[in-house]
Amino acid sequence: MSADSVPYSTGRIDRRHDLDALRAIAMLLGIVLHAILGFLPIPGAWPVQDSMPSSSMGLLLAVIHGFRMPLFFVISGFFTMMLIRRRGLRAVLWQRFKRIFLPFLVGMITIIPLNWVCYGVLAQWQQQRAAAQSSQIEMREKTPSSKPSTTNLTSGWYVAASGNVEAVDQWLDSGGDINHREKDGATALHGAFLFGKPETAESLIQAGADPQSKNNRGESCVQMLYAPWGITKTISNLVSIELDHDQVLAGRRQIARMVNIPPETIQLDKPSKSGNQRIEFLFAFPATGHLWFLWFLCWLVSGLAIVYALGRAAGLPRLPAWFSSTSFRYVWLIPLTAIPAFTMHDAVSNFGPGTSLGILPLPSVLLYYAVFFGFGALSFDAHYTDSSPEQHAQRSSPSGVIGLIMMAAGCLVLYPSWLYLSKQVSGPRTVIVLIESTYTWLMIFASIRIFACWFSRPSALLRYLSDASYWMYLIHIPLIFFVQYWIAPFAINPWIKLPIVCVLTGLILMISYHVLVRSTPIGWFLNGRRYEFRFSFSASPISSAPQEEISPNEPSSSIADRVDAGTDCDRDTSASS
């Protein structure tokens with residue numbers, strides 16, 4: 001990093017339409033990722049569980065999640081350094097405050113509460129739907145023995161939850177109904193799964209119990225494996241069954257293996273000491289929701305500002321261009337990325353980076369994304385401060401074919417290798433994390449290379465999508481909840497359902513952007529520019545747009561050229577997720 005505020009060359013740097021396209025497509029992938037969650041057969045992963053789940057969709061989710069957010073932070077770091085070099089540190093901090101921090105605060109008091117309200121409404125609707133589906137079974141099976149009593153020793157739920165295999169066998173031999181439901185709709189298998197009793201669970205499953213059967217709240221037996229310790233302990237006290245935390249966790253993981261669920265996904269929180277509850281709340285409570293990336297950007301921009309100021313004060317020279325612009329970058333980027341990745345929660349069992357939704361970012365996750373953000377800043381210096389625009393233009397254009405080969409290697413070699421090693425009981429943890437880090441960087445450089453080759457020409461549609469993507473991502477969660485809930489009961493192939501959910505959600509969001517945001521103060525607040533209201537994909541702002549305004553998502557054009565032309569600049573990918 002340069003010790004001086006050296007601007008990137010005095011010539012013109014043409015607009016990077018490829019990065020505009022990459023940003024637009026990657027933003028739409030964010031909606032796709034959340035749509036996939038509704039189809040995964042993992043209870044608790046998403047508030048809406050589709051009637052046609054597909055475990056194979058987890059592969060698509062992992063492939064995208066493994067590099068998407070790191071790519072955003074690379075591009076964000078690139079344009080943040082570009083703005084610092086051109087306008088100075090103080091101006092950039094003020095601009096980021098307006099385009100990142102203020103939208104984050106507004107979103108925390110509007111969008112996040114809206115998500116919670118919609119979540120509660122859907123939970124109630126799902127409970128009513130599940131109760132209606134089980135009403136006929138309850139009416140048919142209603143007998144004196146079916147009257148629920150959590151302390152009734154003849155209850156299948158109780159004997160299964162107690163872990164007494166002989167009692168379960170006797171209950172079945174005496175005519176106990178494997179599908180008998182308690183008052184709340186719970187079956188015997190619900191009790192075995194909740195308290196982590198693998199022996200009784202195995203007996204019930206062999207007798208024909210269905211792990212996917214649901215109670216009146218819409219909770220399946222499998223979902224009981226994810227019940228918090230506090231709820232589990234409360235229920236055990238009501239029915240006078242003693243539990244041990246570690247035994248319950250071990251039992252649940254053993255049951256998970258029976259039903260083909262990765263045991264590492266089963267976690268059971270321990271009760272915290274009163275002195276640590278506040279700290280854990282700040283780190284663990286999902287207060288920021290899907291806006292966490294904006295909060296991370298505030299931290300990372302502040303960190304870059306400190307490093308930049310210290311570098312100037314100490315007179316440190318910039319790193320040579322080859323350090324970040326040649327293949328040598330893999331030598332230091334992969335192990336540097338692996339260090340924080342290794343310390344992330346479930347670094348071996350879960351593919352892709354972790355998230356931190358708390359008010360305080362988890363240090364490991366923040367450091368992980370700081371690597372990508374910092375590399376983006378170094379990359380700008382390497383590309384635009386060590387050579388003139390003419391020299392930069394003379395460099396050989398990237399090969400899209402090579403980019404496709406790199407992407408294929410990541411998806412067909414690295415990811416399958418990670419899958420195989422992660423399923424081994426004593427898999428090499430260091431190798432597993434290094435493979436994941438290699439995949440992330442390979443996919444990032446492949447994506448940039450592909451888009452630089454085939455999307456370098458201007459496109460009105462992609463430019464419009466780039467403008468709309470910020471709003472679409474911020475507000476898409478409640479909408480996708482209801483679209484998924486509406487389509488969930490239909491017996492359609494999930495790979496057909498997924499595009500329907502994504503296209504329908506995208507169209508509604510696009511209309512809302514054009515009508516409610518693009519030419520309104522909301523659009524000005526988010527993007528720093530205003531457009532005339534028209535039903536076209538115009539990229540021209542209205543003449544009254546404020547000059548000298550550089551919003552958080554300036555993708556590629558020369559700041560000097562844009563300001564000289566009297567137009568406001570676009571958003572930088574830093575405000576995308």
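For the stretch 396-456, relative contact order (Cα pairs under 8 Å, six or more residues apart, normalised by length) works out to 60 percent. Label-to-label distance, residue 91 versus residue 430, with points set 7 angstrom from Cα along the beta-carbon direction: 4.8 nm. Exposure proxy shown here: for 512, 379, 466, the number of other Cβ atoms within 10 Å sets the order, fewest to most, as 512, 379, 466. Applying a DSSP loop filter and a limit of 10 other Cβ atoms within 10 Å to the chymotrypsin sites (Phe, Trp or Tyr not before Pro) in the stretch 155-193 leaves nothing.
Only loop residues by DSSP count here, and only those with at most 12 other Cβ atoms within 10 Å; note down the GluC sites (Glu not before Pro) in the stretch 174-266 that meet that. Numbers along the way, then the final one.
Working: sites: 182, 199, 202, 219, 242, 264; in loops: 182, 219, 242.
For GluC sites (Glu not before Pro) across the stretch 174-266 that sit outside H, G, I, E and B with at most 12 neighbouring Cβ atoms in 10 Å, the list reads 242.
A full extension of the chain between residue 454 and residue 343 corresponds to an added length of 36.2 nm, given 0.36 nm per residue minus the alpha carbon distance.
Every number here is computed from the coordinates shown, using simple stated rules; none is lab data. Note that the structure is predicted; figures quoted are calculated from it, not measured. Glycine gets a Cβ as well: all are built from the backbone with ideal geometry, and neighbour counts include every protein chain shown.
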